[in-house]
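Undergrad: Below is a structure I'd like to ask you about.
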Amino acid sequence: MTRDIAARATGTTLVGKLAERATTRRKLLGGAALGAAGLLLLDPRAGGVFAQDETPVRGGLARMAGFGALTSLDPYASLNSDCDRISYAAIYDTLIAMELDGSFSPQLSTEWTVSDDGLTYTFTIREGVSFHDGTPLDAAAVVFNFDRYRAEGTTYPYATPLRPITTVEAPDATTVVFTLANPSAPFLAGVSFAPIVSPTAVEQLGDDFQLQSVGSGPFRFTEWTPGSKATFDRNESYWLAAPDGQPLPYYDQLIIDAVPDDSVRLLNLRSGEFEYVERLSIRDVTTASADTSIKVHPTVGGTGYCLAMNPNQAPFDNKVLRQAVQAAVDRQSIIDNISFGEGYLSPLGFARDTWFYLEEPSPVYDPELAKQLLTEAGYPDGIDVSFSIINRPVDNQIAQIVADNLTEVGIRTTIDVLERTTWVELWNSRQGQIGSLIAGGGGTDPGLAASMYDPSAASNFAGYDSAPIQELIAEQDQISDQAERLRIWGEIGEIRIDDAVYVQIGIVPGYGASIANARDFAVHAHFLLEFDEAWTAE
Amino acid sequence: MASSTHELPSVAGVRDPAGTPHAFRVRLRRLNRDLRRSKQAIMGLTIVGILVVLAAAAPILAPADPGKPNLSESLQSPSLSHPFGTDELGRDILGRIIHGARVSLIVAGIAVGISLLGGVPIGVISGYWQGAIGSVLMRLMDAIQAFPGVLLAIAIASTLGPGITNAMIAIGIVGIPTFARLSRGEVLRLRSVEFVNAAISTGAGSTRVLSRHILPNGVAPVIVAIATSCAGAILTEASLSFVGLGAAPPNPSWGSMLQSGYPFMQIAPWLSIFPGLAIAVTTLGFIFLGDGLRDILDPRLRGR
Amino acid sequence: MVIRRLVETIPVLILMSMLVFSLTILLPGDPVLGMLGPTAEIDEVAVERLRTELRLDDPLPVQYLAWLRNVVQGDLGRSISTKQPVADALLTRLPVTALLSAYALTIAVIIAVPLGVLAAVKRGTAWDIAASALSVLGLAVPGFWLAILMIMLLAVNLKWLPASGYVSPLENPLETLQHLFMPALALGVASAATLTRQLRSSLLEVLREDYVLTARAKGLRGQTVIARHALRNALIPFVTVLGLSLGHLFGGSLIIESIFLVPGVGSLLVNAIFTRDFPVIQAGTLVIALVVVLVNLGVDVLYGFLDPRIA
C-alpha cells in the first residue's frame, strides 16, 4: 500500500499555517510570510509587498549581487554551493521544491508517493518539458542526473542526503522510482536540492559544461566569464505559466554578479547598480531599512559561527580541556558584539525560525568552572594554544574576544590568521588546535547537519567522530514525527556539549535587500532568492 | 702606504679625504651646522623623533592593554574620554595608534636593516670586483626590481606565511636591489677617483681602500636611502597588514587597524581615518628626513 | 642599439621567470589537494594521475623547463579555482588594468605638470613650498587609505560616484570613466607626487643651464624661455619617469583593484595568491613582469631617441 503524500504536509507550527496557500509551486510573496509569525509582517524591515492588486509588468532586467562569485555552472562541480545555488535556481529546475515549514511542492514532478516502509519513492514526471537545448526532460534524464550526483567519488556538494539511495530507475518515460536502503527523512530535501541538467549537454560538453550549461529553468544560460558576471536570458518556452496565461518568467534577463564585501554590495544596490542583493551585513541593516528606495527582507536562517577544537591531537584530545574552553567562552557577548544585538544563541546551530530550533540543552558560561576544569585537565599553570582563523572580519573579531576570554582563565592564546586554503588544509590534515568557522544557521532539515558529526565529510573540519551521535542521527532520519525527532536532537545536544568539540557561538540572522519596486521574488531558507515570478513595478 | 696626515686634493664630489680622523671630525661639525640649516631635515627629524618617543613610552602614555576587548564600549565616536573613538571591540583607538608606533618602527628598522645588509655587500662586490659574479648578481637585482614592490612583498609574505616577522623579511628582500644599485654606483664612481687610484697604486689592499676611502665617502646616498626606505617600508607594511599578512591580531599595527576598520566605514569612519593619518604623518617624516639629509650630504644636489 | 637593449633584457627575463617559478614551488599548499579538493583523500588513483600529469615528481629543473616551454607556446595552464584557461583570463583582464593605469597616469600628469612647473618657476616662494608639500603628501599617503576615504566621501556620503565595479568602455565609456575615477585617482596620486618632484628638479636644473641664461641674456622674455627651452628639455627625464611609472602602476594596482572590484590583473593575482592558484600566480606574475620590463625597455629606447647626447 502506498500513502499518497502529494498534498502538502500540515504544518504544526505557526510558520506552517502562514505558508499554506494554494499555489502550484513554492512561492512566497517577497518578504511576506517568512519565519516565525506575523511579527515579521509588522516589522518594517520585512518590507513585504502583497502584490495581488498589481498587474505584473513583463520585461526588464534584474541584476543580482551575491557574496561570492559563481564557481561553476555545473552543480556537480560547484565549489561554493551557497553562492552557486542562486544561478542554479534560475537555470535549472528540481523535481520538488521545499517550503519553509519543511513540506514539499511539485515542480518537475507533479506528484509523488512513498511506500509504507519508506523505502520506495515514486515520482511522476511532468509531461511536455524540454531542456533549453531541446532534449526532452523525461524519466531517463532524471535517472541520469541522480546517478551522476550519487556516483562513486562524486563532487556534488549535497550528496549526503542521497546516500540511502540504492537504485534509481525509469520504468517508463514519466515515472522515476527511487529505492532506498533505509527510510530517510532528509531524502526528500536532498531531492529538492538536486538541479536537473541536460544529459545531452553533459555528454557533449564534458568539462566545458561548467562554463556553459543547459537546464530547463525559467532562464537560459547566455554567457559567463569566470570571475565576472553571469548572464541568463528568459526561457521563452518555460513550462510554468503566469496567471495571464503566458509563460513565466516576467524578466527578460537576469544578471548574477558578485560583490564580496557586504557593505559595498549594499552601496551598489542603493546607487542603482543592482535590483537585488543578498546577505546584508548586520551592521548595515538599520541604515538600509531607513532608505526608502530599497526594501530589506529577512530570510530564514542566517550565518552561524562556531568554535572547533581538534580532538584528534594534543592538547585538545583532552576532553576536560575542551570543556574548560567551552565554559570560558562568553558566547552571548560575542554574538551580541558581532551582530549588534541581533544575533542569538543556538547550541545545535539550528536557525530560530524553524520547527527544529532548540535552545536547550546549552553549555554554561562560567569562567570559575573553566579554571577548575583547566586544573582538572592537568594544566594548573595554564597552557598555550594556537587559534587559527580564516582571514575574514567577523572571524577576526570573534578570535580576539575568545582569545581574551581564554587568556583570562589561563589558556594563553595566540591568533593565527590564515587564508582559506591554508586553513582548510590545516584542519583537513588534523593539525589544527582550536579555530573558528562558519557553520550552522541552515534552515532546511536538521538531518542535513549530519555532516558535522561524520568524520568522512569534508565540512567536518575538526574531524569529530561520535558514534553515539551518528547512531542517533540515523535513527531520527527514519522518523517523520517532528516532536520525536526533536527529542532525539535534544539527546544529541547533550552528547555534543559533553564532548565539546564544536561549540556554537550563535547565529546572525540573514537579511537580503532589493529595490523598492521589486515584486514577487521568492525568498527561501538560507538566503536563496528565486526570480521565476519576480518583476519590477514602474 | 698613505701617510695618515697627508692631505689629498679635493676631487669633484668628494669634499674631504675621509681617511683621516681629523677630517672626520671636521665633517661631523659641518654636518651639525648643515643639519640645522635644512628645514626639511629638522622637520623630518622632529617627526621621527616624536615617533620614537611615542613608541618607547607607549606603556606610559597608553597604559591600557591595546589588545583587550571592551565590548560594552564598542564603536563609540571620538569624545573626551576617547579622542579618536573606539573600535569594533571597544578599544581606545588613540592608545592603539600609540602602541602601533612600536610595530611600525620595528618593522621599518628591521626590514631596512635586511635590505641594507643584503644590498650593500652585493653592490660593493659587483662594483669593486667587476667580474662574472658581479654581473650575475646585478642581473638578479634587476630581475627582483622589475617586479612591482607590493606584488613581490605580498607573494613572498604569502609564501613565508602570515606574521610580522615574515612581513619584515619580505619587505627587506624587496628593498635589497635599491641598496645594491646605490652602493654599486657609489663604488664605481669612487674607485676611479684620483686618490683612490693613488692608494691602489701605492699598494693598498682592497679592504683598506674600501674601508678608508670608498665607504666613508660613498655612505652619504646610502644614509639618504635608509630614510626613504623606512618610508617605503612603513607603507608596504601597511599594505601587507591590510590584506592580512602582517601583524597578527590583537597586535595593533596601523595597517591591520585599517583592515578591520574597513567594513565599518559607513557607520564608524573614525576607525579608518586615524590609523591612515598616522601612517601618512610617519611616512611624511621619513621622507622629509630623507630629502633633508640628501640636501645636506650630497653637495652635487645643492641649490635645488 | 634597440636590438642590443632587447638582448640585454633576456637574461633578466629568464631570471624573473625562475624567481616566479621558485616562489610558487615554495608556496605552502599542495597543488594536487587544491585541484582535487576532498576527493584527494579518497581517490589515490586520481591523485597519482594528476601528479604525473603535472610532473610534480620530476626534478625541479625539468618541471621548470616544461613550464617554460608551455608558456612560450602560449599555454598558461588552467586556473585551479575557475577551471578557465589562464591565458583567457589574462587576455580579458590585461586591458582593464592597462586602462586603469593609463587613466591613473593621465590624472597624475594633469596634476604634476602645473604643480611641477609652478614649483620650479616660483622657486623658494610660498607657491613652491605649497606645491612641494603637496607632492610629499602624495608620496606619504597610503593609496588604499586614500581609496577608503574617497569611497566614504564620494560614494557613501555624497553619492557622486559608484563605490565599485567596472563597465567596459565598449558598453558605456562615460560609466567607465565614472567607475574608474576613484581607483585611478588613488593610484595616480603617488605617481603625481613623484612626477611633480621630478619635473621640478629637472626644470630647475635646466633653468640654470648656460644656454638658457644665454637666451635670457639675448632678451627673450621669461615665459618664452621656459616654454621653448626649459620645458622641452626637462620633459626628457620627465617622460622617462612617466614611462617607468606606468610599469609600476601596472603591477602596483593590486590592492586598489581589490578594493574597487576592478576586474584587472591585480585583483586576479591577489585572489590567486591567497587561494594558492599556482597556474594563475605563475602566469600572472610573469606577464606583469614582462609588461614592466618591456615598458622600461621602451623608455630606455625613447630616452635614447629624445636625448641626442646619449649614444
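The values are calculated or read from the model by the stated rules, or taken from the named source; none is laboratory data. Computed from a prediction, not measured in an experiment: that's the story for all the values here. No Cβ is skipped: glycine too gets one built from the backbone with ideal geometry, and neighbour counts run over all protein chains shown. To get the accessible areas, we keep the full protein, side chains included, count just its heavy atoms, and leave off ligands, DNA and RNA. Shrake-Rupley method; radii C 1.70, N 1.55, O 1.52, S 1.80 Å.
Undergrad: Given the protein chains as shown and a 1.4 Å probe, how many square angstrom of A:E376 are accessible, to the nearest 10?
TA: 130
Undergrad: For C:Y166, A:Y365, give the ranking by accessible area with the largest first, probe 1.4 Å.
TA: Output order, biggest surface exposure first: A:Y365, C:Y166.
Undergrad: Give me a single rounded figure for A:65-78: the average over its residues of other chain Cβ atoms within 10 Å of their Cβ.
TA: Across A:65-78, the average partner-chain Cβ count within 10 Å equals 1.
Undergrad: Return the subset of B:K39/B:K68; A:K229/B:K68; A:K295/B:K68; A:K319/B:K68 for which the Cα-Cα distance in this structure is over 30 Å, preserving the input order.
TA: B:K39/B:K68; A:K229/B:K68; A:K295/B:K68, as the Cα separations exceed 30 Å there.
Undergrad: Probe 1.4 Å, all protein chains in place: accessible area of A:F232 in Å², nearest 10?
TA: Around 0 Å² of this residue is reachable by solvent.
Undergrad: Find the all-direction average of the projected area of the Cα convex hull for the range C:112-203, expressing the result in square nanometres with one decimal place.
TA: 6.9
Undergrad: For chains A and B, what's the summed buried accessible area, probe 1.4 Å, to the nearest 100 square angstrom?
TA: By this definition, chains A and B bury close to 1800 Å².
Undergrad: While we're on this one: How big is D, in µm² s⁻¹, for the range A:393-538 by Stokes-Einstein at 25 °C and 0.890 mPa s if Rh is the Kirkwood radius over C-alpha pairs?
TA: 133
Undergrad: Hey, another quick one. Taking every pair of alpha-carbon atoms in the range A:393-474, what share in percent sits in each 10 Å bin, from 0 to the bin with the longest distance?
TA: The distribution over the range A:393-474 is 15, 39, 34, 12, given as percents.
Undergrad: Residues of chain A: accessible area per residue at 1.4 Å, in Å²?
TA: With the other protein chains kept in place, chain A gives 36 Å² per residue.
Undergrad: Whole number in Å², please: accessible area per residue of the range B:96-144, 1.4 Å probe, ligands, DNA and RNA not counted.
TA: In whole numbers, the range B:96-144 has 38 Å² accessible per residue.
Undergrad: Evaluate the relative contact order of the range A:50-185 (contact order divided by residue number), counting alpha-carbon pairs under 8 angstrom at least 6 apart; express in whole percent.
TA: Computed over the range A:50-185, the figure is 20 percent.
Undergrad: How big is the A-C contact in terms of buried accessible area, both chains counted, 1.4 Å probe, rounded to the nearest 100 Å²?
TA: Summed over both sides, the interface buries about 1800 Å².
Undergrad: Further question: Got the relative contact order for the range A:386-445 handy, in percent, Cα pairs under 8 Å and 6 or more residues apart?
TA: 48
Undergrad: Let me check something: with ligands and nucleic acids excluded, how do A:D261, A:D84, A:D244 order by accessible area (1.4 Å probe), largest to smallest?
TA: Descending accessible area places them as A:D244, A:D261, A:D84.
Undergrad: On to the next question. So how far apart, in nm, are the two label points at A:E54 and A:T287 if each is 7 Å from Cα heading toward Cβ?
TA: In this crude spin-label approximation the distance works out to 2.6 nm.
Undergrad: Semi-axes of the equivalent ellipsoid for the range B:53-189, please: Cα gyration tensor eigenvalues, times 5, square-rooted, ordered largest first, whole Å.
TA: Value: 43, 16, 10 Å, ordered largest first.
Undergrad: For the C and B pair, go ahead and give the buried accessible area with a 1.4 Å probe, both sides summed, in Å² to 100.
TA: That pair hides around 3800 Å² of surface in total.
Undergrad: Quickly rank A:137-149, C:193-205 as a protection proxy: mean count of other C-beta atoms within 10 Å, highest first.
TA: Top to bottom by mean Cβ count within 10 Å: C:193-205, A:137-149.
Undergrad: Moving to a separate point now. Sort largest first and round to whole Å: the equivalent ellipsoid semi-axes of chain A, each the square root of five times a Cα gyration tensor eigenvalue.
TA: Ellipsoid half-lengths, sorted descending, are 39, 27, 22 Å.
Undergrad: To continue, here is another question. From the square roots a ≥ b ≥ c of the eigenvalues of the alpha-carbon gyration tensor of the range C:93-152, which class results: rounded (a/c under 1.5), prolate (a/b over b/c), or oblate?
TA: oblate
Undergrad: In addition: Using a 1.4 Å probe on the protein heavy atoms only, what accessible surface does C:K122 show? Give it in Å² to the nearest 10.
TA: Counting only protein heavy atoms, C:K122 exposes about 90 Å² to solvent.
Undergrad: A further question follows. Would you mind estimating how fast the range A:290-406 diffuses translationally, via Stokes-Einstein at 4 °C and 1.567 mPa s with the Kirkwood radius over Cα pairs, in µm²/s?
TA: For these conditions, the coefficient is 80 µm²/s.
Undergrad: So, one more: Can you sort B:I42, A:I96, C:I107 by solvent-accessible area, 1.4 Å probe, largest first?
TA: The ranking, largest first, comes out as B:I42, C:I107, A:I96.
Undergrad: Can you give the direction-averaged projected area of the convex hull of the alpha-carbon atoms in the range A:200-341, in nm²?
TA: Value for the range A:200-341: 14.7 nm².
Undergrad: Sticking with this structure for a sec: Give me the inter-chain shielding for C:155-164: mean count of other chain Cβ atoms within 10 Å, whole number please.
TA: Shielding by partners across C:155-164 averages 5.
Undergrad: Next question, about the same structure. Out of every Cα-Cα pair in the range B:40-84, what percent are more than 15 Å apart?
TA: 63
Undergrad: Are there DSSP H segments in chain A that both extend 18 Å or more along their axis (alpha-carbon positions) and score a mean Kyte-Doolittle hydropathy of at least -0.5? List them, or say none.
TA: Flagged H segments are A:393-408.
Undergrad: Give me the percent relative contact order of the range C:104-164, please, defined on Cα pairs under 8 angstrom at least 6 residues apart.
TA: 15
Undergrad: Mind checking the range B:105-180 for chymotrypsin sites (Phe, Trp or Tyr not before Pro) that DSSP puts in a loop (not H, G, I, E or B) and that have at most 14 other Cβ atoms within 10 Å?
TA: The qualifying sites are B:W129.
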